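Trainee: Pasting a structure below so you can have a look.
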Amino acid sequence: MLQAARNAVHDARRIAVLTGAGVSAESGIPTFRSNGGFWRNNRFEDLATPQGFARDPLFAWQWYEERRRGIAAAQPSAGHAALVELEKRLAEFTLITQNVDGLHDRAGSKNIVKLHGDIWTVRCLACGVERTEHGELTELPPRCACGGLLRPGVVWFGEQLPEGAIERAITAVQTSDAFIVAGTSAQVYPAASLIPLALESGAQVIEINPETTDFSGEVAFSLRGNSAVILPQLL
Ligand code: BV8
Ligand code: ZN
C-alpha cells in the first residue's frame, strides 16, 4: 500500500494537499476532537463561533491566547518539512490547510490556501482594520487603537471562508493528479467536501491518519499512521 502510494506521488505532475490538526499534533499542538473537543468544559464548536465570542470575549480570548502561546513554543514537524520538500519538486503544488497555526508558513511552504484564517492576525470589530499580532497579548480582550474590540482573524462556525479561498482550493483539487489528505477528521465543511470532489475529478486520493474517517473506504490509499512518519516516507 505504501509503495503503491509512493508510486502515485512519484507519477503525479500536479499535487494538492489538505491538512488538518493532525499534522500539527506532531508539533505537540492538541487536535480539536482528540479530548472530545472540549476546553475547560466548553465544546470547541461553541467557543469557535461569533455567538461564543460575543457572549464572553475575555473567555474566548483566554482560549486563543493559550493556543497562540502553545503554537509559538512549537516547531514545525517532519510532516510540515516533507510538504515543503514536495512543493520544491513539483511545478504545480497547492497546500490547502484548515489549520490556523501558521506552522506551514514557518516550515517554508509557499503556495498555501488558508481555509480557516490565521490565529496570528487580529481584526477590529469596530473599524475592520486587520493586522498581524505575533507578540503576547498582554491586555485581554485586546483593543484596537480606535477603541474597538479585536477578534482573532480566524473563520468561526457559521462564518464564510476567506474571499476566494474555497474557490482556489476547488480549482487546485480539480486539476490535481494526486490529492494528499493528512491529519483531518474530515468533519468540517466545506473543507471536507474537497475529498469527494477529488474522487469525482479522478485524482488519486491518499489519506494519512491513524484513525479512519468517513472517506477511508473510498480513497485510493488509506495509510494508517502519523503524518510526521508517513509524509516523509511518501517522498
Ligand atoms: C460555513 C477556525 C457556510 C477556528 C474552524 C451540517 C452539515 C455540513 C456542514 C455543516 C452542518 N452544520 C453546520 C455546518 C457548517 C459548519 C460545519 O462544517 N460544521 C461541522 C462541525 C459539521 N461549517 C462552517 O460553519 C464553515 N462555514 O459553512 O459557512 C455559510 C453559508 C452561508 C452563509 C454563512 C455561512 C466554517 C468552518 C470553519 C470553522 N472554523 N477553525 C479555530 O481554529 O479556532 S474549524 C476547526 O476544525 C479547525 O479549523 C480544524 O482545522 C477544523 C477541522 O478539524 P481537523 O483539522 O480535522 O481536526 P480534528 O481534531 O477534527 O481531527 C484531527 C484528525 O487528525 C483526526 O482524524 C485524528 O485521527 C488525526 N490525527 C491525530 N494525530 C495525528 C493525526 N493525523 C496524522 N498524524 C497524527 N499524528
Ligand atoms: Zn478599530
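The values are calculated or read from the model by the stated rules, or taken from the named source; none is laboratory data. Remember, it's a predicted structure, so these values are computed and weren't measured experimentally. Every residue, glycine as well, gets a Cβ built from its backbone with ideal geometry; the counts of neighbours run over all protein chains shown. Only protein heavy atoms, including side chains, enter the accessible area calculation; ligands, DNA and RNA are left aside. Shrake-Rupley method; radii C 1.70, N 1.55, O 1.52, S 1.80 Å.
Trainee: For T175, indicate whether it is away from ligand 1 (no atom under 13 Å from the Cβ), at pLDDT below 95 and either among the hydroxyl-bearing types (S, T, Y) or within 25 Å of G70 (Cβ to Cβ) (or both).
Mentor: Details: away from ligand 1 (no atom under 13 Å from the Cβ): yes; at pLDDT below 95: no; either among the hydroxyl-bearing types (S, T, Y) or within 25 Å of G70 (Cβ to Cβ) (or both): yes.
In short, no.
Trainee: Name the residue, out of E218, E159, E163, that is modelled with pLDDT of 95 or more and either open to solvent by less than 10 Å² (accessible area, probe 1.4 Å) or over 30 Å from Q62 (Cα atoms) (or both). Spell out how you get there, then give the answer.
Mentor: Working: E159 fails: either open to solvent by less than 10 Å² (accessible area, probe 1.4 Å) or over 30 Å from Q62 (Cα atoms) (or both); E163 fails: either open to solvent by less than 10 Å² (accessible area, probe 1.4 Å) or over 30 Å from Q62 (Cα atoms) (or both).
E218 is the lone residue from the list that is modelled with pLDDT of 95 or more and either open to solvent by less than 10 Å² (accessible area, probe 1.4 Å) or over 30 Å from Q62 (Cα atoms) (or both).
Trainee: Shifting gears a bit: Quick check on this structure: which one of H104, H80 is in contact with a Ser or Thr (Cβ under 7 Å, 6 or more places away or on another chain) and within 29 Å of A186 (Cβ to Cβ)? Walk me through it before giving the result.
Mentor: On the way: H80 fails: in contact with a Ser or Thr (Cβ under 7 Å, 6 or more places away or on another chain).
Of the residues listed, the single one that is in contact with a Ser or Thr (Cβ under 7 Å, 6 or more places away or on another chain) and within 29 Å of A186 (Cβ to Cβ) is H104.
Table: residues versus (1) among the hydroxyl-bearing types (S, T, Y); (2) in contact (Cβ under 8 Å) with a residue 24 or more places away in the chain; (3) away from ligand 2 (no atom under 16 Å from the Cβ); (4) not assigned by TED's automatic domain parsing to the domain that holds R6.
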residue: A81; (1), (2), (3), (4): no, yes, yes, no
residue: V84; (1), (2), (3), (4): no, yes, yes, no
residue: E92; (1), (2), (3), (4): no, yes, yes, no
residue: Q98; (1), (2), (3), (4): no, yes, yes, no
residue: R106; (1), (2), (3), (4): no, yes, yes, no
residue: A126; (1), (2), (3), (4): no, no, no, yes
residue: R131; (1), (2), (3), (4): no, no, no, yes
residue: H134; (1), (2), (3), (4): no, yes, yes, yes
residue: E139; (1), (2), (3), (4): no, no, no, yes
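Trainee: Kindly evaluate L150 against the criterion of being away from ligand 2 (no atom under 16 Å from the Cβ) and hydrophobic (A, V, I, L, M, F, W, C). Walk me through how you get there before you give the answer.
Mentor: Working: away from ligand 2 (no atom under 16 Å from the Cβ): no; hydrophobic (A, V, I, L, M, F, W, C): yes.
In short, no.
Trainee: Filter the range 187-223 down to residues that are touching a residue at least 60 places away in the same chain (Cβ under 8 Å) and in a helix (DSSP H, G or I) and give me whichever is nearest to S176 (Cα to Cα).
Mentor: Among them, the one singled out is A198.
Trainee: Take the range 152-182 and flag every residue that is over 19 Å from L47 (Cα atoms) and either part of a loop (DSSP other than H, G, I, E, B) or acidic (D, E) (or both). Lay out the reasoning, then the answer.
Mentor: Here is the first cut: in the range 152-182, the residues over 19 Å from L47 (Cα atoms) are 162-182.
P162, E163, G164, E167, T175, S176, D177, listed by residue number.
Trainee: Can you tell me how many residues in the range 166-214 are of a type in the set (F, W, Y) and open to solvent by 50 Å² or more (accessible area, probe 1.4 Å)? Spell out the reasoning first.
Mentor: Taking the range 166-214 first, the residues of a type in the set (F, W, Y) are 179, 189.
With open to solvent by 50 Å² or more (accessible area, probe 1.4 Å) added as a condition, the list becomes 189.
Adding up the residues that qualify gives 1.
Trainee: Next question. Could you list, in sequence order, the residues of the range 108-124 that are open to solvent by less than 40 Å² (accessible area, probe 1.4 Å) and away from ligand 2 (no atom under 16 Å from the Cβ)? Break it down stepwise before answering.
Mentor: Initial filter on the range 108-124 (open to solvent by less than 40 Å² (accessible area, probe 1.4 Å)): 108-109, 112-113, 115-122, 124.
Hits for the range 108-124 are G108, S109, I112, V113, L115, H116, G117, D118, I119, W120.
Trainee: Being in a strand (DSSP E or B) and either within 16 Å of ligand 1 (Cβ to nearest atom) or among the aliphatic types (A, V, I, L, M) (or both) is the filter here; which residues of the range 120-151 pass it? Can you show your working first?
Mentor: Of all residues in the range 120-151, those in a strand (DSSP E or B) come to 120-124, 130-132, 143, 149-151.
Those that are in a strand (DSSP E or B) and either within 16 Å of ligand 1 (Cβ to nearest atom) or among the aliphatic types (A, V, I, L, M) (or both): W120, T121, V122, R123, E130, L149, L150, R151.
Trainee: May I pose another question? Just wondering, is there one or more residues in the range 190-202 that are touching a Lys or Arg at 6+ places or on another chain (Cβ under 7 Å) and modelled with pLDDT of 95 or more?
Mentor: Of the range 190-202, the ones touching a Lys or Arg at 6+ places or on another chain (Cβ under 7 Å) are none.
The answer is no, given that none of the residues of the range 190-202 is touching a Lys or Arg at 6+ places or on another chain (Cβ under 7 Å) and modelled with pLDDT of 95 or more.
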